[in-house]
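For reference, the structure is listed below as C-alpha cells.
We did not get these values from a lab; they are worked out from the coordinates using the rules stated. Treat the numbers as computed from the prediction; the structure is a model and nothing was measured. Backbone-built Cβ (ideal geometry, glycine too); neighbour counts: all protein chains shown.
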Amino acid sequence: MEITSVNVHKIEKEGKRIKGLATVVIDNSFAIHDIRIIEGDNGLFIAMPSRKTPTGDYRDIAHPINPDVRKMFEDAIFEEYNKEDAEN
C-alpha cells in the first residue's frame, strides 16, 4: 500500500482545536476524505472520519488497522500540514 496523494485544508479559527482537514489517496485508487487534524494536549493528532451512532457514540467509518499504518497516515498528513506553514 502506498499513499499517493495528500491534500490538507487548514482551518484557522481562534480557540478551536481542529486545525485542518485532510484527504488521503491510496494507490491512486481509493480516497479517504475528512480526516481531522486536531490540536490535543500533547500536540497534533489525526482523527479518522466518523459518524454518530444511535446510542450517541461515534464510530470510525474508515481507519488504519494497525499502528504502523496509522503512523504512515500521520507522517504523510503532518508533512503536508507543515509544508503549508513553510510556504506561508
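Being surrounded by 12 or more Cβ atoms within 10 Å (Cβ to Cβ) and either among the aromatic types (F, W, Y) or assigned to a helix (DSSP H, G or I) (or both) is a property that holds for V69.
Each residue in region 32-74 was checked for being touching a strand residue (DSSP E or B) at 6+ places or on another chain (Cβ under 9 Å) and under 22 Å from H9 (Cβ atoms), and 25 of them qualify. Answer yes if at least one residue in region 12-21 is touching a residue at least 60 places away in the same chain (Cβ under 8 Å) and surrounded by 10 or more Cβ atoms within 10 Å (Cβ to Cβ), and no otherwise. Within region 12-21, one or more residues are touching a residue at least 60 places away in the same chain (Cβ under 8 Å) and surrounded by 10 or more Cβ atoms within 10 Å (Cβ to Cβ).
From the residues in region 2-28 that are among the charged types (D, E, K, R) and not in a strand (DSSP E or B), which one is nearest to L44 (Cα to Cα)? This residue is R17. The residues listed here are I32, I46, I37; of these, the one that is free of Cβ contacts under 8 Å to residues at least 60 places away in the same chain, under 15 Å from I3 (Cα atoms) and part of a strand (DSSP E or B) is I32.
The condition (being more than 19 Å from K83 (Cα to Cα), out of contact with any Gly (no Cβ under 7 Å at 6 or more places or on another chain) and among the hydrophobic types (A, V, I, L, M, F, W, C)) is satisfied by just one residue among A62, A22: A62. Note on region 49-66: among residues that are of a type in the set (S, T, Y) and assigned to a strand (DSSP E or B), the one that is farthest from V6 (Cα to Cα) is Y58.
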